[in-house]
Structure formats: C-alpha cells, structure tokens
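Asker: For reference, the structure I am asking about is given below.
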Amino acid sequence: DADTGQVWCPTQRPMRSYAPVHVEHRFGGTTFTTTTRGIESRLSITISPEDKIKWWQIELRNQSRTRRKLDLFLYIEWVLGVSREETGRYVITGFDANANCLTAVNRFNMDFPGRLSFAGSSHEIGGYTAQRYEFIGRNRDLAHPIVFDMPSGARASSLEPIRLSKKIGAGFDQC
C-alpha cells in the first residue's frame, strides 16, 4: 500500500498475512483468493496446454471506502536448468522496453541452449532489479525482504515510492 507502507502477499507465502486464503486447484491452473487490509485479491496462475508458458493474472478490488494506491511486486528465481545453485551463475538478465518485460537466458544450459525466459506486464513496469541482494538483502528471506525497508536512502519515508536500481546483466546472484 503506497499510502500506508503496509505490504502483504495474495498467497500464504512468503509474506504471511494471517487472512484466510481460498485456494482452488484445477487442471492447468490454481487461483488464490483472499481479502487483506480491505483489498480483495484474486491471483490466477495458469499454464498453456500447447506452449511452455505460465500466466499470472491478479485482480484487485478495494473493499473499503478509502481510495488506495497500490504498488505490485513480483519476485522470480530464474532457474533455467536443474537447480538455482547449479545454474544461477550462468543466467544473464535483460530488460526489453518495447515488450515491457524482464528477460533471462542461460547460454550454458546444454538441454535448452539459448532459450529465452521473460516476465512482463500489461501495465508499465516502473522499476526492477535482477540482483537478489538488492531485493532480499543479506541474511534475509522472502518473508522479510530488504526492498520494503530500503535502508539505502532510496526512499525518504515509508510513503515514498520504492525505487529499484534497474540492475540487469550477469556476474551477480540473480532473481
């Protein structure tokens, strides 16, 4: 919530909100529905039966009488192989402004060489980082990522927008 600085997740993990979450599994997808802090969210994750693609669609409804401004964040661990520990050092990230998406490729994956992965949005992406340390922080986890604390001074107060460095490329711990 950009006005209050409160953060939550539409699922039970990684940031537990203690609000009940209704989970509906079906062939090709799962939907999570919950209401937290006056915001009803419905997150649907589906896959294509023909193509190797996954869609994330989130619908938000303000159940309160107060106007709300929300910022959405998505965290992705680019594996692009068997395990992040084995393949992480080979992942190269980028940002395609024309397609409005982050990209990732692992050119050293012998099973799928040169395959491109991407995460995009139908809305403008205001900020991003592919550096795990910048988002999660040292000795932290996804339940308490440093990005929402922003001790670096990138945020003057909890009501200021979170600004990410837009760091992409290779040679660091990717996310």
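Asker: Compute for the chain: radius of gyration divided by Kirkwood radius, i.e. Rg/Rh, restricted to C-alpha atoms, rounded to two decimals.
Answerer: Rg divided by Rh gives 0.96.
Asker: For region 1-66, what is the per residue volume of the convex hull drawn over the alpha-carbon atoms, in cubic angstrom?
Answerer: Details: hull volume 6.4 nm³, N = 66.
Each residue corresponds to 97 Å³ of Cα convex hull volume.
Asker: Helix-only mean residue ellipticity at 222 nm, the chain, DSSP H runs n ≥ 4 weighted -39,500 (n - 2.57), per residue, nearest 500. What is it? Numbers along the way, then the final one.
Answerer: Values: 2 runs with 8 residues, N = 175.
Roughly -500 deg cm²/dmol at 222 nm, from the helical runs in the chain.
Asker: How many Å² of accessible area per residue for the chain, probe 1.4 Å? It would help to have the intermediate numbers written out before the result.
Answerer: Details: 11770 Å² over 175 residues.
Roughly 67 Å² per residue, with all protein chains present.
Asker: Tell me, what ³J(HN,Hα) does each residue in region 21-32 have, in order and in whole Hz, if you take phi through Karplus 6.51 cos²θ - 1.76 cosθ + 1.60 with θ = phi - 60° and put x for Gly and Pro?
Answerer: The phi angles translate into 10, 8, 10, 10, 9, 8, 4, x, x, 9, 10, 10 Hz.
Asker: Can you compute the modelled spin-label distance between K69 and H123, with each label point 7 Å from Cα toward Cβ, in nm?
Answerer: 1.3
Asker: Report the gain in length on full extension from W56 to D173: 0.36 nm times residue separation, minus Cα-Cα distance, nm rounded to one decimal. Provide the component values of the computation, followed by the final result.
Answerer: Numbers: separation 117, 0.36 × 117 = 42.12 nm, distance 2.42 nm.
Between W56 and D173, full extension yields 39.7 nm more.
Asker: A further question on this structure: Could you please state how large a percent of the accessible area of region 26-175 is carbon and sulfur, counting protein chains only and using a 1.4 Å probe?
Answerer: Taking all protein chains in place, region 26-175 shows 51 percent carbon and sulfur surface.
Asker: Taking the alpha-carbon distance from K52 and a cut-off under 20 Å, which lysines remain once sequence neighbours fewer than 8 residues away in the same chain are dropped?
Answerer: In chain and number order, there are no partners.
Asker: What residues of region 68-83 lie in the reach of a label at D111, counting those whose backbone N is under 19 Å from a point 7 Å from the Cα along Cα→Cβ?
Answerer: 77-83
The values are calculated or read from the model by the stated rules, or taken from the named source; none is laboratory data. As the structure is a prediction and not an experimental result, all values here were calculated from the model. A quick note on method: Cβ atoms are made from the backbone with ideal geometry, for glycine too, and the neighbour counts reach across all protein chains shown. Keep in mind that these areas ignore ligands, DNA and RNA; they rest on the heavy atoms of the full protein, side chains included. Shrake-Rupley method; radii C 1.70, N 1.55, O 1.52, S 1.80 Å.
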